[in-house]
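Here the structure comes first, spelled out in structure tokens, and everything after it is commentary.
The values are calculated or read from the model by the stated rules, or taken from the named source; none is laboratory data. As the structure is a computational prediction, the values presented were derived from the model and not from experiment. These accessible areas exclude ligands, DNA and RNA; they are computed on the full protein's heavy atoms, side chains included. Shrake-Rupley method; radii C 1.70, N 1.55, O 1.52, S 1.80 Å.
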Amino acid sequence: MYNTKTSTNTYTVIDIRKTFENFEADIRTIARRTNKWSTEYVDKIMHDIIKLAENNYLDNVSIALKQNSNDHTLRATKFSINADGNATDSARPGQNNDWENINNTYLTMYLSYSSKWHGLSEQQKKDFQTNNYFRLSWSATTDDTSFSHLSSGNAQLYSSKGYELQKTNFK
């Protein structure tokens with residue numbers, strides 16, 4: 001006798017939004033605890049990220065607290081997207097209590113784009129941003145977003161109907 005299991009994920013844009021609600025709660029908490037970003041600025045970030053996520057244009061998103069003097073990353077969190085997951089429910093957002101308002105630091109957000117995004121022409125990317133009323137101008141970086149000099153640990157898994165967002169903390 002053979003045991004087989006078949007699963008198909010049929011998540012929708014609503015599931016992506018639901019998953020990113022937990023991400024948004026984390027970003028808002030980090031912004032508030034560090035006192036580096038206003039609510040209005042977080043609104044702009046979230047608008048753009050949600051539009052990209054809804055169209056499967058993201059692989060992961062990271063936020064980092066960096067020193068003004070040398071751009072050294074003190075702390076970071078990465079949210080990795082798995083559109084082919086099997087989790088059906090989410091952990092609660094949180095565990096951001098060790099983000100602090102440290103003098104002479106700033107927050108930065110990194111977006112890692114999917115192959116689907118990279119497959120677009122420059123004009124298609126520009127049109128997408130224009131047609132979706134992007135609030136911010138995103139630019140390329142040479143920063144090391146592996147945060148390899150920091151210790152890492154998996155945190156919450158946010159998901160809805162197989163669309164997953166795995167949170168990893170770096171300290």
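Whole angstrom only: what separates the Cα centroid of region 117-133 from the Cα centroid of region 58-111?
If you average the Cα positions of each part, the centres end up 25 Å apart.
Show which lysines lie in cross-link reach of LYS44 when reach means a straight Cα distance below 24 angstrom and same-chain residues fewer than eight apart are skipped.
LYS18, LYS36, LYS66, LYS78, LYS116, LYS125, LYS126, LYS167
In deg cm²/dmol, rounded to 500, what helix-only [θ] at 222 nm does the chain give when every DSSP H run of at least 4 residues adds -39500 (n - 2.57) and the total is split over its residues?
Values: 4 runs with 52 residues, N = 171.
Roughly -9500 deg cm²/dmol at 222 nm, from the helical runs in the chain.
For the chain, set up a Gaussian network in which alpha carbons nearer than 10 Å are linked by springs, and say which option among TYR106, TYR133, TYR158 fluctuates the most.
The residue with the greatest mean-square fluctuation here is TYR133.
Considering only protein heavy atoms, what is the solvent-accessible area of LYS18 at a probe of 1.4 Å, reported in Å² to the nearest 10?
Approximately 110 Å² of LYS18 is accessible to the 1.4 Å probe.
Starting from the residue with the highest accessible area, list GLU40, GLU24, GLU164 in decreasing order, probe 1.4 Å.
Numbers: GLU40 115, GLU24 50, GLU164 20 Å².
Ranked from most to least accessible, the order is GLU40, GLU24, GLU164.
Please compute, for the alpha-carbon atoms of the chain, the extent along each of the three principal axes and give them in descending order in Å.
For the chain, the Cα spread along each principal axis is 63, 41, 28 Å.
Work out, step by step, the length gained on full extension between PHE128 and THR39: first 0.36 nm times the residue separation, then minus their alpha carbon distance; give nm to one decimal.
On the way: separation 89, 0.36 × 89 = 32.04 nm, distance 2.47 nm.
Here the answer is 29.6 nm.
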